[in-house]
């Protein structure tokens, strides 16, 4: 019994660290607040705007993902807020290769870098420039030169409303490996993938980044949202 107590005490700090890691920060940096304001201004010229006016969550609980880059694509598309459409930003070098997963963002969100919250959709290539609903199955923690840059992982929905894909160890190795190196060719940029979270972590980040979108629209001050 005494040994068991010692093991429990020794493991407690690690458990606390893991628990803290699951909770997304509730403050949006001033630079991201400013970027949100600029994005909303750019979107204002459109009566309907894909990022501004598409709900992040559907009535059935699925998450909307706007696909910027299909799986296997080397062209790095990014969403142009003013044009309300994606545009080619750059082309990944051959030695880096194409994206190993469909890549895009969740509408009506803003992440800690000021961009919409990123999404990775498993499965075969999906058409770029469209909304694809999916089921949250995990979260990839990531950091880069701009700060925190986590990405929620979705599975497309099958005909029965279920997730046909799961985030396997092989997926984590392939996707994580790519995002660890995909900025190495760009001077002054870096990326780290310190670990992975569960579906609950993904939902928590979507909720937080949507709350940022709804409440952090004053560019002259930091923004903290209530949990």
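Worth pointing out:
- Filter result for the condition that a residue is outside any loop (DSSP other than H, G, I, E, B) and crowded, with 18+ Cβ neighbours inside 10 Å, over 114, 104: 104
- Residue check, residue 128 within 17 Å of the chain's Cα centre (by Cα) and either surrounded by fewer than 21 Cβ atoms within 10 Å (Cβ to Cβ) or more than 19 Å from residue 150 (Cα to Cα) (or both): yes
- Any hit, the range 184-191, residues being assigned to a strand (DSSP E or B) and either out of contact with any strand residue (DSSP E or B) (no Cβ under 9 Å at 6 or more places or on another chain) or closer than 20 Å to residue 69 by Cβ (or both): yes
- Lone qualifier among 61, 72 - being loosely packed, with under 15 Cβ neighbours inside 10 Å and either closer than 26 Å to residue 160 by Cα or free of Cβ contacts under 8 Å to residues at least 40 places away in the same chain (or both): 61
- Any hit, the range 156-171, residues being crowded, with 19+ Cβ neighbours inside 10 Å, closer than 19 Å to residue 105 by Cα, within 13 Å of the chain's Cα centre (by Cα) and in contact (Cβ under 8 Å) with a residue 12 or more places away in the chain: no
- Residue satisfying all of: in the range 182-194; over 14 Å from residue 147 (Cβ atoms), surrounded by fewer than 15 Cβ atoms within 10 Å (Cβ to Cβ) and touching a residue at least 12 places away in the same chain (Cβ under 8 Å); nearest to the chain's Cα centre (by Cα) among these: 184
- Which listed residue, of 152, 136, is surrounded by 19 or more Cβ atoms within 10 Å (Cβ to Cβ), touching a helix residue (DSSP H, G or I) at 6+ places or on another chain (Cβ under 9 Å) and within 20 Å of residue 27 (Cβ to Cβ): 152
- Condition met for residue 88 (over 30 Å from residue 23 (Cβ atoms), surrounded by fewer than 17 Cβ atoms within 10 Å (Cβ to Cβ) and touching a helix residue (DSSP H, G or I) at 6+ places or on another chain (Cβ under 8 Å)): no
- When the test is whether a residue is on the phi > 0 side of the Ramachandran plot and within 17 Å of the chain's Cα centre (by Cα), residue 147 passes it.
- Test: residue 42 is surrounded by 15 or more Cβ atoms within 10 Å (Cβ to Cβ) and under 25 Å from residue 167 (Cα atoms): no
Taken together, the values in this text are just the output of simple stated rules run on the coordinates, not laboratory data. Predicted model, so just to flag it, every value in this text is computed and none were measured. Backbone-built Cβ (ideal geometry, glycine too); neighbour counts: all protein chains shown.
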